[in-house]
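The values are calculated or read from the model by the stated rules, or taken from the named source; none is laboratory data. What you see is a predicted model, and the numbers here were worked out from it, not measured in a lab. Virtual Cβ from ideal backbone geometry, glycine too; neighbours counted across all protein chains shown. Side chains are part of the model used for accessible areas, which takes the heavy atoms of the whole protein and leaves out ligands, DNA and RNA. Shrake-Rupley method; radii C 1.70, N 1.55, O 1.52, S 1.80 Å.
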Amino acid sequence: RILAIMDYLDAEKERRVTQLRKGILELAVMGSLYREHHYGYSLVRVLMGDGSLSLKEGTVYPILTRLDKEGLVRSEWVESDQGPPRKYYSLTANGRRLFESLMPEFDQLVELVKQSRNAAKSRQQNEHPRERILVKKEERA
């Protein structure tokens, strides 16, 4: 029974992480394309940065396709010296305007999460140690 609960919690966490990533990755793709145009693999490399985030091209291409259909991204094929032609993506004027309008919203949400996390840490530090033990025992019941 405990394993079933753990499996449920793991699955629920994965679902939530997936949902969280979807919106944020779309914004990150737009941000990368705001500065310069990219082909799929180069975009993945830029988004992965130092490698702390695991990301595959299969995650990025559906985002690019959706943004293209919405007129926020345009694509063009460019000949490559290193193999077949590559499809490069860049933001359209509408994509740039949308990105510029979404960034303040995103910044506010990030700040909200930071504030609530800091408030929770502060409350936890100010609790009497005995109170924390009692709460944990009650949660287990």
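Filter the range 12-38 down to the residues that are open to solvent by 60 Å² or more (accessible area, probe 1.4 Å), more than 12 Å from Arg96 (Cα to Cα) and part of a helix (DSSP H, G or I) and list them by number. So that I can check it myself, show each step before the final result.
Here is the first cut: in the range 12-38, the ones open to solvent by 60 Å² or more (accessible area, probe 1.4 Å) are 13-16, 18-22, 24, 34-37.
In the following step, the residues that additionally are more than 12 Å from Arg96 (Cα to Cα) were identified as 13-16, 18-22, 24, 37.
Of everything in the range 12-38, those that are open to solvent by 60 Å² or more (accessible area, probe 1.4 Å), more than 12 Å from Arg96 (Cα to Cα) and part of a helix (DSSP H, G or I) turn out to be Lys13, Glu14, Arg15, Arg16, Thr18, Gln19, Leu20, Arg21, Lys22, Ile24.
Could you look through the range 51-69, keep only residues that are β-branched (Val, Ile, Thr) and within 13 Å of the chain's Cα centre (by Cα), and pick out the one that is surrounded by the fewest Cβ atoms within 10 Å (Cβ to Cβ)?
Of the range 51-69, the ones β-branched (Val, Ile, Thr) are 59-60, 63, 65.
Cutting the leftovers down to within 13 Å of the chain's Cα centre (by Cα) gives us 59-60, 63.
Numbers: Thr59: 15, Val60: 22, Ile63: 18.
Filtering the range 51-69 for residues that are β-branched (Val, Ile, Thr) and within 13 Å of the chain's Cα centre (by Cα), the one surrounded by the fewest Cβ atoms within 10 Å (Cβ to Cβ) comes out as Thr59.
Is it true that some residue in the range 72-93 is part of a helix (DSSP H, G or I) and either closer than 21 Å to Thr18 by Cα or open to solvent by less than 50 Å² (accessible area, probe 1.4 Å) (or both)? Talk me through it step by step, then tell me what you get.
Here is the first cut: in the range 72-93, the residues part of a helix (DSSP H, G or I) are 93.
Okay, now just the ones that are also either closer than 21 Å to Thr18 by Cα or open to solvent by less than 50 Å² (accessible area, probe 1.4 Å) (or both), so none.
No, that holds for no residue.
Please work out which residue is nearest to Tyr61 (Cα to Cα), limiting yourself to the range 86-114 and to residues that are without any contact (Cβ under 8 Å) to a residue 12 or more places away in the chain and basic (Lys, Arg).
Arg97
Among the listed residues Arg45, Arg97, which satisfies the condition of being part of a helix (DSSP H, G or I), open to solvent by 100 Å² or more (accessible area, probe 1.4 Å), on the phi < 0 side of the Ramachandran plot and at pLDDT 95 or above?
Working: Arg45 fails: at pLDDT 95 or above.
From the options Arg45, Arg97, the qualifying one is Arg97.
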